[in-house]
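> Sharing a structure, written as structure tokens. Questions coming.
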Amino acid sequence: MGSKDMGAVVITGCSSGIGRASALHLDRLGIKVFAGIRKIEDAESLCRTASSKLVPLSIDITDNESISSAVKTVTQTLDGQGLAGLVNNAGVPFISPLEFISWENLVDQVKVNLLGHIAVTQSFLGLIRKRRGRVINIGSIGGVQPVPFLFAYDACKAGMHAYTDSLRMELGVQGIQVVLVIPGHIATPIWRKTGGKGELFPDNLSEEARAIYGSRIDAFVRTVRKMEQGGLQAESVAEVVARGLTVPKPKTCYLVGRDARLQSFLSKWVPDRIRDALVLKALGIS
């Protein structure tokens, strides 16, 4: 996507955090942004900050009818033109030990953190192919180095990484670039929401579950809050997203943040049990 012809980009999960920052950053660059949002109040808040060029796009990535409606809206607005990019960003974590997570919560995690992104990509690929656009998937360092109590989120992100690699090989021969962005610890509301759930969730555990995991979950939540305070700003990821969309030959994968690079190195070169011990110590739950 050259500077003379910016095109249009769809981004999911623009209510806050990385999605909102990316939408505003691309908007400032002059790129037409379809900002995926579920709540009207979040759309109004974003529009007050963005230019008139940004278009709020109502979409729930776990609902096929909502996705189809969003594709129809984008298609009509572009009037026969293709999409220059799709940024799959939406997601939400949930703190729980594997042993006690409910099946309903587990299914919801997989829908919003993995299956929804696949469904959105499938639905928008026709528009992307028209322009030989790009797909940017927002992963997580948790998909490289999982941690306790976030297994569902981390497993979905690991799946996101694998799906990105496969899709890149499928679409590369068609001239469609697929890029993975892996942030480390980011100061984003997603973790404030997680912290809130984490603080409340132990109260909902059975006596048995509380006796086994309660104190370790409490320690984990405290660490998550500290990580948020020291994390990179979401704008740092937004700048990398823009790079992946606009440079002539983007990298296949961008690691964002010193901690992401460190954890990626540890996952490749440090023996599993030593790495486990280091992770547990860092989380304060060894």
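> What dipole magnitude, in Debye to the nearest 20, does the range 8-283 give about its Cα centre under +1 on Lys/Arg Cβ and -1 on Asp/Glu Cβ? Don't skip to the end; give the middle numbers.
Values: 33 positive and 25 negative charges, 244 e Å.
Around 1180 debye, computed over the range 8-283.
> Taking the Cα atoms only, what angle lies between the long axis of helix 234-246 and the longest principal axis of the chain, rounded to 10 degrees?
That helix lies at roughly 40 degrees to the long axis.
> Related question: Helix 116-131 versus the longest principal axis of the chain: what is the Cα-based angle in degrees, 0 to 90, to the nearest 10?
20
> What is the order of Tyr153, Tyr213, fewest Cβ neighbours within 10 Å to most? The partial results should precede the final answer.
Details: Tyr153 27, Tyr213 21.
Fewest to most other Cβ atoms nearby, the residues stand as Tyr213, Tyr153.
> Return the single residue from Ile67, Ile138, Ile274 with maximal mean-square fluctuation; model: Gaussian network over the chain, springs between Cα atoms under 10 Å.
Ile274
> Only counting other Cβ atoms within 10 Å, I'd like Glu228, Glu207 sorted with the fewest neighbours first.
Details: Glu228 18, Glu207 8.
Lowest count first: Glu207, Glu228.
> For a quick check: with amide H placed at 1.01 Å from N, whose amide H comes under 5 Å from Tyr254's, ignoring anything fewer than 5 positions away on the same chain?
When sequence neighbours closer than 5 places are left aside, the close amide H contacts are Leu180, Val181, Ile182.
> Tell me the mean residue ellipticity at 222 nm calculated for the chain from its helices only (DSSP H runs of n ≥ 4, each -39500 (n - 2.57), averaged over every residue, nearest 500).
Details: 11 runs with 156 residues, N = 286.
Computed mean residue ellipticity for the chain: -17500 deg cm²/dmol.
> If one computes the Cα centroid of the range 44-71 and of the range 121-141, what distance in Å separates the two points?
16
> Please work out how many pairs of lysine residues in the range 220-286 are eight or more positions apart (or on different chains) and have Cα atoms closer than 27 angstrom. Walk me through the numbers on the way to the answer.
Values: Lys226/Lys268; Lys226/Lys281; Lys249/Lys268; Lys251/Lys268; Lys268/Lys281.
Lysine pairs satisfying the spacing and distance rule in the range 220-286 number 5.
> While we're looking at this one, here's another question. For a quick check, take a GNM of the chain with Cα springs below 10 Å and name the residue from Met169, Met160, Met227 with the largest mean-square fluctuation.
Met169
> If you rank Phe100, Phe220, Phe151 by fewest surrounding Cβ atoms within 10 Å, what's the result? Write out the running numbers ahead of the final one.
Numbers: Phe100 16, Phe220 23, Phe151 19.
Exposure proxy ranking, most exposed first: Phe100, Phe151, Phe220.
> Anyone know which of Gly230, Gly82, Gly36 comes out most mobile in the 10 Å Cα GNM of the chain?
Gly230
> Let me ask something else about it. For Ala277 and Ser68, calculate 0.36 nm times their separation in residues minus their Cα-Cα distance, and state this gained length in nm to one decimal. All intermediate terms of the calculation are to be shown ahead of the outcome.
Details: separation 209, 0.36 × 209 = 75.24 nm, distance 4.58 nm.
That pair, Ala277 and Ser68, stretches by 70.7 nm at full extension.
Quick note: the coordinates plus some simple rules give every number you see, no bench work behind them. Predicted model, so just to flag it, every value in this text is computed and none were measured. Virtual Cβ from ideal backbone geometry, glycine too; neighbours counted across all protein chains shown.
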